[in-house]
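The values are calculated or read from the model by the stated rules, or taken from the named source; none is laboratory data. Remember, predicted model here, so these are calculated numbers, not experimental data. Using ideal geometry, Cβ is built from the backbone for each residue, glycine included, and neighbour counts are taken over all protein chains shown.
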Amino acid sequence: MTDKHKIAGILSIISGALGFLGGLGMAAFFILIFRTVGQQPAPRGGSPMPPDLLRIMEILYGVFGIAFALVGVLAIAGGILTLKRRHWGFALVGAIASSIAFYPTGIVAVIFTCLAKPEFQAREAMPSPQTASVDRGPIAG
């Protein structure tokens, strides 16, 4: 058995963490920028940007940043499931989310998650420790 699932899980978690931090940073940065621009005096002879436009842009970029952070959280959750070798479909969704969050490590996580599918299936075929230790006794028929 190989450790492709471990490589995929770690890369998904790294991509997710970078995406989460990047999304929060992007939201905070643009909110700060648009609030700063809104407080600047108008240039000579010109009109300042309409406050409604600045507010719309602030909300829009804030929502994009929060959405990007949520993609990072999805990638982290998928990475954790990949390390545990549970729910291959959701692990693949997390790996795809990690490629959206941070492409260089995310695309490698997708590849390794696809290659690790037999490892997920092998784990599912193994009996769990709770059911393996139960003495069923003679079968009456």
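For segment 43-56, the criterion of being under 30 Å from PHE112 (Cβ atoms) and in contact with a helix residue (DSSP H, G or I) (Cβ under 6 Å, 6 or more places away or on another chain) is met by no residue.
At pLDDT below 90, part of a helix (DSSP H, G or I) and of a type outside the set (A, V, I, L, M, F, W, C), is that true of ARG123? Answer is yes for this residue. The residues listed here are PHE30, PHE90, PHE20, PHE34; of these, the one that is over 30 Å from MET126 (Cα atoms) and at pLDDT 90 or above is PHE20.
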